[in-house]
Amino acid sequence: MSEMEFEKATVDPAARAMMVKAKKIGYLTTFDRAKAQEPRCNFGNTGICCRICMQGPCRIIPKKPGANKGICGAQDYTIVARNTVRMIAGGAAAHSDHGRHIATTVLHVAEGKAKDYKITDSAKLLKVAERIGVATAGRQINEIAHDVATAALNDFGRLDDAPCTWIETTVTEGRKRKFKDTTIMPSSINGSIAELLHQTHIGVDSDPINIIFGGLKVSLGDLDGEYLATDLSDVLFGTPQPTVSEANLGVLDPEMVNICLHGHNPLLSQMVVDVAREMQDEAKAAGAKGLKLSGICCTGNEVLMRSGISIATNFATQELAIMTGLVDAVVVDVQCIMPSLRSLAECFHTKIITTMPISKIPGSYHFEFDEEHAAASAKAIIRLAIESYKQRDPNKISLSDQKNKVVAGFSMEALLDLFAAVNPENPISVLTDAIKAGEIKGVAVFAGCNNLKGTHNENHLEIAKRMAAADVFMVGTGCASQAYAMAGLLTGEAVEAYAGPGLKAFLKRIGVKADLKAELPLIFHMGSCVDNSRTISLLTLMANELGVDTPEVPFVASAPEPMSEKAVAIGSWFVSMGVPVHIGVIAPTTGSELVHGVVTRIAEDVFGGYFIMEPDYRKGTDKLLAALDDRAWKLRIRSEARAKYAASEAK
Ligand code: NFS
Ligand code: SF4
């Protein structure tokens, strides 16, 4: 890669510097590999390659008689729909497995097993219990935790038609009716995934609309799994509160033992954070100043939100953390971990430590995480990192001077506390009133990954800056939030630099009253990708306050650089929730005009939400702003009409 190519690859200066080093040592990073994959196969790119049975792959060539269908006769629309919903199934499996793991741990804590964990936030437990109908009066915390965890686990394998508890008890009445009317209300997360794999087996469903509805049902299962993962992680580890930290490769400290926590599930990473506090002396005995933990991907978000742990980098640049020569160990659990980390680690002293039975990398250290002995597992991992530190080669170190301050930790509870500083009786009205008054345009959620079809972090940053200038209140999760953290957008300075006058005034009003230790940031970091559930509770609260269903709320979502199957699942349930969803890539749906039309246009008629596929950040921003304007305008017209009607009724 040349200098100019580095600039096209990423907007992050820390990453660029490490890419120069990679070139020097002759290591091909994910950026080189992305380039080497060009040009992409058009069949795969447009979704019309079917590999669902072993007669395939069948590729659709519309004008070639016989090849305009698969060998079994499947049409383009069936193939595209099947491929799309199978991505949703993959995403839902990943998110909800994570949730199931947490729920099982809560159950074990309640049963007196898993002794290294405890119920940290019993107020949250009681709130969840009351919401889902678990009795609380006069009962022990462990009894309540037992019933809440059991209710969560029932959502995975219910055999009757009762709806999944977390969806049923969290969405608006209007959405519940919609999900039941369109038969997409799930009863069982695992059951709906299995059903969808069956539905898309060769020779089962060829109706693309029916297949898409099957996919949306699974996406709601995904939301259910995310929601219970968030709730129960808060119960186990505490509900996030505003915290100040730092982000980017400059957080790696040359004088400390550096451990990167990478993956998704807080069960292990939070334990490493807790245990590390007691092990600073062991690091000192090895000649370091102490232990420095930092995060990559969503496990990084989990420990940032709850313990203020720094962010090292996000998905696309995970290899470049190792490239600094400063990382003594990367501890990984599940999801979004590049298999290439291991071969790169060989160029350095870095130990890659896998911890989950379903997520191993050949040649790396495997310390199976054992919930019954969680603290001991975490200690063993930290000791390995300390050993590794002793082998660090000073000649291979490249310090990065890039790091930015981060203000994060905005759970829904923390956001409501902020709004309550202005209006204690009705906190959410602070936000909805500002929208009604036109001070802010609406709310945008930024979520999702990095995708090297574009420039790393560019879409994230450029869209957010433009939305800020247009007075949009922004919340973020996942690697999107990490992009903002790395670039200094989760700060008060960013408000000064980028917010429009309305957003600035709104944030100032709250900031003054709330009197936090830190200033309010431009974008409110709500957590990991499963914590997109927090953004849905925001949407639901807003809808209820405005007296409308979710499709009428000026609320949009954007995954500026989506990559994973989980992102597809999240985007799909946002659509079912009635939200316009921008994605900064063209999804492989264009091979069928019908399916592409359904997901980008017709979906709006049924659910109110739809996909906007737009890789160009300028156009993407314009489309998001247009969707917000349209909703805000309709909201005003409707409420004026309602007021007029009520007045004439009264006469
Ligand atoms: Ni979400 Fe978070 Fe990042 Fe994408 Fe991967 S870490 S779960 S999938 S890449 S945002
Ligand atoms: Fe081809 Fe049909 Fe098999 Fe798909 S399911 S690979 S279209 S024969």
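The values are calculated or read from the model by the stated rules, or taken from the named source; none is laboratory data. Just so it is clear, the model here is predicted, and its values are computed rather than measured. We place every Cβ from the backbone using ideal geometry, glycine too, and count neighbours over all the protein chains shown. Surface areas here come from the heavy atoms of the whole protein model, side chains and all, with no ligands, DNA or RNA. Shrake-Rupley method; radii C 1.70, N 1.55, O 1.52, S 1.80 Å.
Among all positions in the stretch 106-115, there is at least one residue which is of a type outside the set (S, T, Y), outside the structural domain of N532 (by TED's automatic domain parsing), open to solvent by less than 10 Å² (accessible area, probe 1.4 Å) and assigned to a loop (DSSP other than H, G, I, E, B). Pairs meeting the criteria (first residue in the stretch 83-97 and in contact (Cβ under 8 Å) with a residue 40 or more places away in the chain and open to solvent by 10 Å² or more (accessible area, probe 1.4 Å), second residue assigned to a helix (DSSP H, G or I) and within 13 Å of ligand 1 (Cβ to nearest atom), beta carbons under 6 Å, at least 6 apart or on different chains) are M87/E565; M87/V568; G90/E565; A94/K566.
All of (1) out of contact with any helix residue (DSSP H, G or I) (no Cβ under 7 Å at 6 or more places or on another chain); (2) of a type outside the set (S, T, Y); (3) assigned to a helix (DSSP H, G or I); (4) away from ligand 1 (no atom under 16 Å from the Cβ) hold for A34 with one exception: (4).
For the stretch 377-390, check the following and say yes or no: at least one residue is open to solvent by 40 Å² or more (accessible area, probe 1.4 Å), in a loop (DSSP other than H, G, I, E, B), among the acidic types (D, E) and modelled with pLDDT of 95 or more. Checked against the condition, which is being open to solvent by 40 Å² or more (accessible area, probe 1.4 Å), in a loop (DSSP other than H, G, I, E, B), among the acidic types (D, E) and modelled with pLDDT of 95 or more, the stretch 377-390 yields no hits at all. Taking the conditions exactly as written (without any contact (Cβ under 8 Å) to a residue 24 or more places away in the chain and within 12 Å of ligand 2 (Cβ to nearest atom)), does G66 satisfy them or not? Taking the combined requirement at face value, the residue does not satisfy it.
Residues in the stretch 546-596 that are within 20 Å of C49 (Cβ to Cβ) and not in a loop (DSSP other than H, G, I, E, B): E565, V568, E593, L594, V595, H596. Screening G250 with (1) in contact with an Asp or Glu (Cβ under 6 Å, 6 or more places away or on another chain); (2) open to solvent by 10 Å² or more (accessible area, probe 1.4 Å); (3) under 18 Å from V568 (Cβ atoms) gives one miss only, at (3).
When the stretch 352-376 is filtered for residues that are assigned to a strand (DSSP E or B), of a type in the set (A, V, I, L, M) and farther than 18 Å from L293 by Cα, only M356 remains. In the stretch 254-292, what count of residues is obtained for those that are free of Cβ contacts under 8 Å to residues at least 40 places away in the same chain, among the charged types (D, E, K, R) and assigned to a helix (DSSP H, G or I)? Final tally of qualifying residues: 4. For the stretch 188-216, a tally of residues being of a type in the set (S, T, Y) and open to solvent by 20 Å² or more (accessible area, probe 1.4 Å) returns 1. If we keep just the residues of the stretch 455-500 that are touching a helix residue (DSSP H, G or I) at 6+ places or on another chain (Cβ under 7 Å) and among the hydroxyl-bearing types (S, T, Y), which is farthest from ligand 2 (Cβ to nearest atom)? If we take residues in the stretch 455-500 being touching a helix residue (DSSP H, G or I) at 6+ places or on another chain (Cβ under 7 Å) and among the hydroxyl-bearing types (S, T, Y), then Y498 is farthest from ligand 2 (Cβ to nearest atom).
Sub-8 Å Cβ pairs linking a first residue in the stretch 43-54 that is closer than 17 Å to V85 by Cβ to a second residue that is within 16 Å of ligand 1 (Cβ to nearest atom) and in a loop (DSSP other than H, G, I, E, B), at least 6 apart or interchain, are G47/A587, ordered by first then second residue.
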